[in-house]
Every structure is written in structure tokens, then in C-alpha cells.
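Structure, as C-alpha cells:
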Amino acid sequence: MKPTVGRIVHYVDWSETGDGPRPGPCRAAIVTNVIEPDRPDPYVDLAIFDPNGYRLDGAVKNDETRSVGETWHWPEREGS
């Protein structure tokens with residue numbers, strides 16, 4: 001699936017711990033721009049929503065493993 005403007009994705013935030021930064025909670029985000037959309041795995045610009053409001057981040061890489069901070073992935077599907 002290719003990202004397109006307006007799609008909702010999850011953004012993996014950073015969490016600061018005593019051992020340094022670690023991947024933190026997922027945040028809702030909206031794709032605001034797709035960089036080089038013809039690439040197999042394009043970077044995207046995001047509007048990221050968290051409990052304190054929203055912020056913008058550019059050129060965010062996809063990581064479906066959800067193990068790296070400051071990346072995005074498709075939302076998990078809930079079972080019915």
C-alpha cells in the first residue's frame with residue numbers, strides 16, 4: 001500500500017529513559033505530503049497528534065516493525 005495525502009498512519013514517538021531514547025508510544029498522524037511517491041517506500045511529511053496538541057515532522061521513514069522511533073507505520077487492524 002502506498003501512502004497518499006490525507007491518509008491516517010501511526011507515528012512512533014521517542015521515549016526518554018535512563019538508558020537513553022527508546023521507541024515510545026504510537027501517535028495518530030496524517031500524511032501531509034509524499035516525498036518521491038514513485039519510490040517503493042517513500043518518505044512522508046506528517047502532522048502528528050498527541051495529548052499536548054500537534055506538531056509537524058518532515059521526511060519520515062516507514063518502519064513496519066514499529067521498533068524504531070521517529071518513523072511511521074500503517075495502523076494495526078483490530079479483530080472483529
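The values are calculated or read from the model by the stated rules, or taken from the named source; none is laboratory data. Please read all numbers here as calculations on a predicted model, not as lab measurements. We place every Cβ from the backbone using ideal geometry, glycine too, and count neighbours over all the protein chains shown.
Summed over the range 42-64, residues that are within 13 Å of CYS26 (Cα to Cα) and in a loop (DSSP other than H, G, I, E, B) total 3. Residue count for the range 34-53 under the criterion of being surrounded by 11 or more Cβ atoms within 10 Å (Cβ to Cβ), modelled with pLDDT under 95 and more than 17 Å from MET1 (Cβ to Cβ): the result is 1.
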